Amino acid sequence: NLFFKVGTITDRYDFGEQIIIGRDIFPISLDLSEFVERHGGIVSAIKVMEEFTEQLILKRIGIFCQDTAFNQVFKVNKEEMLSRITREAMGVPRTIGLILQNALGQAEGRATDNRLMMSDINYGMRATRKVYFQQFQGAVKNRLIPGYHMDIWNSILGKALGEKNKHSKMPASHILLDPVRKTYLNILCENFIVHLIEESRASKYGGSYLL
């Protein structure tokens, strides 16, 4: 018999001298930036991720709720829901599950019509963000992560809020970062606080940056 052991680890993990990547362990990159590059940009990649989100949800319904139609579980515009969840999860299946879990908890509190509505999905996304941030906050508090990462996050958040105040009708969800700061960004990515989308984004002011 042939057995495969599959695990997910950070690329910062050190196996030591006895284990060689490519000989003893064969990696499959799960980096979002590489996924975006393979699909020719974020727009095309988002479309593929939307299809993944739909497949994941429908397969779960088919496995655990056989003979149950989508509209018996959700009371939403399907395309809008898939778009919102995909952009929130950015390809992380765990995040999709947490969003729907929190949304279901909200919907079950209603006296009538417990189908998931868009208001429940929005609640699920807010609750999931809170879970991730509390995990990140706890890691900083327990000194598992150096405290300056919280300072970095507060600086990013402050900059985004400042941009939003100046241009209220425009999103303030993307930042360009000098590649020399990637090490600091990795910690925020591992905690799902931010996502690295592209590694060579050109700026109109010149230079190549992380997006």
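The values are calculated or read from the model by the stated rules, or taken from the named source; none is laboratory data. Remember, it's a predicted structure, so these values are computed and weren't measured experimentally. Glycine gets a Cβ as well: all are built from the backbone with ideal geometry, and neighbour counts include every protein chain shown. Ligands, DNA and RNA are stripped out before the accessible areas are found, and what is left, the full protein with its side chains, is counted by its heavy atoms. Shrake-Rupley method; radii C 1.70, N 1.55, O 1.52, S 1.80 Å.
What do you get for Rg/Rh over the range 55-178 if you use C-alpha atoms and the Kirkwood form of Rh? Expressed as Rg/Rh, it is 1.05. For the chain, the membrane-span-like helix rule (DSSP H, alpha carbon extent of at least 24 Å along the helix axis, mean Kyte-Doolittle at least -0.5) picks out 42-64; this says nothing about an actual membrane. Mind running the shape call on the range 114-211? Use the C-alpha gyration tensor, a ≥ b ≥ c as the square roots of the eigenvalues: rounded below 1.5 for a/c, prolate if a/b tops b/c, oblate otherwise. Cα axes put the range 114-211 in the oblate bin. If the chain linking Ser168 and Ser119 were pulled fully straight, counting 0.36 nm for each residue of separation and taking away their Cα-Cα distance, it would gain 15.4 nm. Projected label points at Arg181 and Gln55, each 7 Å from Cα along the beta carbon direction, are separated by 3.6 nanometres. For the chain, carbon and sulfur atoms together expose 54% of the accessible surface, with a 1.4 angstrom probe and every protein chain in place.
Classify the range 1-92 as rounded, prolate or oblate from the Cα gyration tensor: take a ≥ b ≥ c as the square roots of its eigenvalues, call it rounded if a/c is under 1.5, otherwise prolate when a/b beats b/c and oblate if not. Since a/c reaches 1.5 but b/c is at least a/b, the shape of the range 1-92 is classed as oblate. Applying 1/(1 + (r/R0)^6) with r as the Cβ-Cβ distance of Lys75 and Val131 and R0 = 22 angstrom yields a FRET efficiency of 0.35. Of the residues Ala139, Ala45, Ala127, the one that moves most in a GNM of the chain with alpha-carbon contacts below 10 Å is Ala139. How much FRET efficiency would the formula 1/(1 + (r/R0)^6) give for Ser44 and Lys204, where r is the Cβ-Cβ distance and R0 is 25 Å, rounded to 0.05? Rounded to the nearest 0.05, the efficiency is 0.65.
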